[in-house]
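Engineer: Below is one structure. I have some questions about it.
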Amino acid sequence: MTASPHVVVIGAGTLGICTALNLVEQGASVTVLEAQSIASGSSGRSVGVVGSQFTDPFEIMLRVHSLRRFREWESQGLGFNHIGYLRLARTSAQMELFAKSVEIQGEAGLRSRLYRADELKGLVPHIDPRGLEGGLFGPDNGFLDPHEMCNFVAGIVREKGGAIRQYRKLLGVKRRPGGYMLETNGDPVDCDVVVNAAGAWAPRVAELLGQRLHIWPERHEAVVIHLDEPIGYTMPMVMDLVNGEGTGLNFRHEKPGELIAEIHKVEAVAPEDPDNYNDQCEERSKVDLAELLLERVPDLPGARLGRGWAGLYPVTADHRPFVGPIDASEPTLVTAAGAGGYGIQLAPVIGQIAADWVLHGGPVSAPGTERLSPSAERNVPRSPGH
């Protein structure tokens, strides 16, 4: 590989844009090819939550890397709404995991604390704590606008000399000694390295590269909740899901008098076609969501469901992203995809690790993240409903 390789990143969602930034910062020549416009895929349909309230030390470590970047970008002008993030516990065992999370986060410099069930109303006055043991709260977590984030980072990429070509779809790949000629609906692009950050379209891009990538595009829905009047406090992000257990209901402040909610668990029987799926919220889903909301926050003033939409989570079999080469014998084909519903909050660290694979042959800036590479053991089909 040349000292300053030309890297083409496929996809201008959060993962692709963050990968491009990490590459240009280290002196690589970078071109991003996006079939539509920046953040036009899953990224732009995200509810934009960034949180560190997890129980797995590895998941927390990944977010420590990401949050460092978010703080940097916020200091440079990226909007970030620090509304806090509350993860609910239904069992004492979950509360024990939460207590360990507080310790791990504290050692990493992150603020979090436990709330008993009888303390939750002090944090969320409208919550009904019945059936709960308590919760884990991070006051510095929050949400951002994914379109704003992608365009903000894209602006830095351009300032540093990177190119972002929108409405430039990859149609075919021709190999040349030491690199690739990418056929597009515009001019062909010659490069030394390709990073597949195409989200729900990543399996199709992999196929063009002569590889097989197992990512399941899973449909998820979100709905706006209108209130008759502002509730007098800022609703934090509230999540009823711990390591797959719980209803999956989550909701958060959007603006005064308006919340956003989604159901984080779906029963998908088949992967969605990213070019042809129902991107509107189904009525059945709104009914299910209303029932869950009435159980957990029954007295919101005049709450009614407004517009809804659907997006795709690119999901792997083990629910962790793929970052690295599929085939060790082809280190110039790197994958950065499959972050599921955590693409926004993991994008900075995924971009960091992907750039490491391109330029250093492994994740030197985040030791231990080799486990995210799409190895033969991990790159396997996902069974329905898992």
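Engineer: Based on the Cα atoms of the chain, what semi-axes does the equivalent ellipsoid have, where each is the square root of 5 times one gyration tensor eigenvalue, given in whole Å with the largest first? Could you put the intermediate results ahead of the total?
Structural biologist: Working: eigenvalues 265, 93, 74 Å².
Each semi-axis is the square root of five times an eigenvalue, giving 36, 22, 19 Å.
Engineer: Which whole-number percent is the relative contact order of the chain (Cα, under 8 Å, 6+ apart)? Provide the component values of the computation, followed by the final result.
Structural biologist: Details: 877 pairs, mean separation 84.8, N = 386.
Rounded, it is 22 percent for the chain.
Engineer: Among C18, C150, C191, what is the fewest-to-most ranking by other Cβ atoms within 10 Å?
Structural biologist: Details: C18 29, C150 26, C191 21.
In order of increasing Cβ crowding within 10 Å: C191, C150, C18.
Engineer: Now for a different question. Just from its helices, what would the mean residue ellipticity at 222 nm be for the chain, if runs of 4 or more DSSP H residues each count -39500 (n - 2.57) and the sum is divided by every residue, rounded to the nearest 500 deg cm²/dmol? Before the final figure, lay out each step's value.
Structural biologist: On the way: 8 runs with 104 residues, N = 386.
-8500 deg cm²/dmol, from helical runs alone.
Engineer: E159 to L171: extension gain in nm, 0.36 nm per residue of separation minus the Cα-Cα distance?
Structural biologist: On the way: separation 12, 0.36 × 12 = 4.32 nm, distance 2.81 nm.
Result for the pair: 1.5 nm of gain on full extension.
Engineer: Give the calculated FRET efficiency between D288 and E59 to the nearest 0.05, with a Förster radius of 22 Å applied to their Cβ-Cβ distance.
Structural biologist: E(calc), rounded to 0.05, equals 0.20.
Engineer: OK, next. Under 27 Å between C-alpha atoms is the cut-off here; go through the chain and count lysine pairs that meet it, provided they're at least eight residues apart or on different chains.
Structural biologist: Within the chain, the lysine pair count is 9.
Engineer: Averaging the inverse of every distinct alpha carbon separation and then flipping it gives the Kirkwood radius. What is it for segment 1-95, in angstrom units? Present the calculation step by step, with values, prior to reporting the outcome.
Structural biologist: Working: mean 1/r = 0.0623 Å⁻¹.
Roughly 16.1 Å, rounded to one decimal.
Engineer: To the nearest 10 degrees, how steeply does helix 343-360 sit against the main Cα axis of the chain, on a 0 to 90 scale?
Structural biologist: Approximately 30 degrees, to the nearest 10.
Engineer: Same structure, new question: Jot down the radius of gyration and Dmax of segment 205-261, Cα atoms only, both in angstrom.
Structural biologist: In order Rg, Dmax, the Cα atoms of segment 205-261 give 17.9, 56 Å.
Engineer: In what order do H220, H6 fall by count of nearby beta-carbon atoms within 10 Å, going from fewest to most?
Structural biologist: Values: H220 25, H6 16.
In increasing order of surrounding Cβ atoms, one gets H6, H220.
Engineer: Also, I was wondering about something else. Need one number: nm distance between label points at D273 and R130, each 7 Å from Cα along Cα→Cβ, rounded to one decimal.
Structural biologist: 4.6 nm
Only the coordinates and a few stated rules stand behind these numbers; no lab work does. What you are looking at is a predicted structure, and each value in this text was computed from that prediction instead of being measured. Backbone-built Cβ (ideal geometry, glycine too); neighbour counts: all protein chains shown.
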